[in-house]
Amino acid sequence: MITIPNMKELERPFNLLSWGHWFTFTNILLALLFSFFYLSPSQLPETFLGWVYLGVNWIGHFSFLAISCFILTIFPIIALFPHRHHIRGFSSVMATCFQLLLFLDVLSFRGLGYHLSATSLVQLREVEDFYVAHIGNAYWVLLLVVLVAILAYQFAMSNLTWKRIHQLQNFKYKNGISTTLVTIFFISHMMHMWSDATLNADIAKQNNIFPVSYPLTARTLLAKYELMDLNKYKTYKSQQADVSKSGFTIMPFTKVSCDITDKNNLSVHLVDISNFSAIRQWLNGFDIDYQSSYQVSIPADFDTAMFNFTTGLPGLYNHMEHQTSLDINQQLGANKIAIEVHAGTYDVEQQSAISETSRVYVFYDKTNDLPFYRTKAILVGFKPFNNIPIAPQNIIASYVKEQLDCPMYVEENLIDSAINDITYDYIFTNFHQGLFSILYKDKSMLFEHGQLVSNVSFSNAEPVREPLDLQTIQAAITKLTSKRIKLKKEKEVLPSDSEKKEIKLKVQLEH
């Protein structure tokens, strides 16, 4: 009789593989928990089909990611080095790293508006800067607590699944679970293929919610069997968001009565960025209280910048047909806002002697060739605020609301909010001669006559390589055009409120 010595040694790889599958399943559950925080009210679907897709995509996508990590890391080591103590310890550490990376990506998406890039780790620094600025050292405590919790969870699940491995191997629904996860994964991609072919916006807007997400499309295949009209599809996709001024006028302004007689005037100085240090030193020398911002988005075109500061409106409404002046001074009947452009060296002592006037120094950069770019600003006489992205319109809204004590004017006649009213999901928009700028969290997008020409990080100008955020683009268009209406034609009345809501722009979805 032939006997095989140490039969347990031969069974060990099979038990380890079985354990690896169940250990991966516990990480799928943890990944689903973390990924829940990708969702925000603004991204939730509006239709039943959209909710179905969100559910199957959520489960299928993170199941696929967890299984892929198992195949690429744990499975080869089990095959080459089948020692259970080493495998379980190594797997727990690796799974902790993956889950911590997922948690950091959640923080990045919620704080910066985009996912961590596989090609650039500089975004991790941006995540750190964002949360340290908002919650201070509590950010590091949060990371430590999450790290310890994940590691404890991994070791606990590793031991539990190994101790119960024989019971789990005999679990009668194990094949059903794996089949269900695979089926859900394919259903999510099939639904995306269908939605892409039928241009279903409620599903399309979910393209960039989850990390490393590249849903399948089948346009050529569907067109081959005449299941979709590819020419019609391309025609629709090529329609541009050309935000023209012709054919539109600005809505009539609401007359607002505010007592601004004894309120401070505002002097805005557009100064070359080389003067930043000198102005700050002068203010410090005279112990003048000021607020600094290093995240001001301004247009390179001075005409648009002047319009932003004199009206508090984005550049779309510059030169648009209207019957009354959009200038805030004329609207309020007083010369409260003055704008000056200074070239070369700025004599801060001579220009800033009047202390009763609130002042804003915005530093332009002649060497920057971008149509909209990030720069610095110093605000004197303004309330303290966090170092968050702001635009000229926000500065004017803050002045009118807080210093002129006229919040009704901001609410009725402007589009943008005061600086201290800016929320974490605020969308900044501006426009100049067919160039449409969108800034959302740390993601900056630029469209030229509807074509996407730039999608970068606002903080470091690194490219953001992920599907377009259709939800944000739609919200930005709605916000930018909220004060305009169609010009009335001969023998035609102005549109009703319901018709105004139908004024929409189509955005080029393909890069």
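A few comments on the model shown:
- Hypothetical label at Cys258: residues of the range 311-349 whose amide nitrogen lies under 18 Å (7 Å Cα-Cβ projection): 311-314, 325-339
- Listed cross-link partners Lys383/Lys483; Lys443/Lys483; Lys263/Lys336; Lys263/Lys401 are compared with a 19 Å cut-off, the Cα-Cα value being larger for Lys383/Lys483; Lys443/Lys483.
- If R0 is 41 Å, the Cβ-Cβ spacing of Ser68 and Asp272 corresponds to a FRET efficiency of close to 0.20.
- Among the chymotrypsin sites (Phe, Trp or Tyr not before Pro) found in the range 389-431, those both in a DSSP coil and sparsely packed, with 12 or fewer other Cβ atoms within 10 Å of their Cβ, are Tyr424.
- Pairwise label distance in nanometres, Ile177 with Lys486, each label 7 Å out on the Cα-Cβ vector: 5.8 nm
- Take the Cα of Glu349, step 7 Å toward its Cβ, do the same at Leu101, and the gap between the two points is 5.8 nm.
- The modelled label-to-label distance for the pair Thr478/Asp425, using points 7 Å beyond Cα in the direction of Cβ, is 1.1 nm.
- Summary of packing: across the peptides 132-138, 91-97, the per-residue average of other C-beta atoms within 10 Å ranks them, highest first, as 91-97, 132-138.
- Were the residues from Ala152 through His342 laid out at 0.36 nm apart, the gain over their Cα-Cα distance would be 62.4 nm.
- One chain, two ends: His86 and Thr357. Fully extended at 0.36 nm per residue, the span grows by 90.5 nm beyond their Cα-Cα distance.
- At R0 = 30 Å, FRET efficiency that the Cβ-Cβ distance of Leu39 and Phe385 yields, to 0.05: 0.60
- Under 15 Å, Cβ to Cβ, from Gly381 - net charge with Lys/Arg +1 and Asp/Glu -1: -1
Coordinate-derived values only; no laboratory data. Owing to the predicted nature of the structure, the values given are computational and were not obtained by experimental measurement. Every residue, glycine among them, receives a Cβ derived from its backbone with ideal geometry; neighbour counts consider all protein chains shown.
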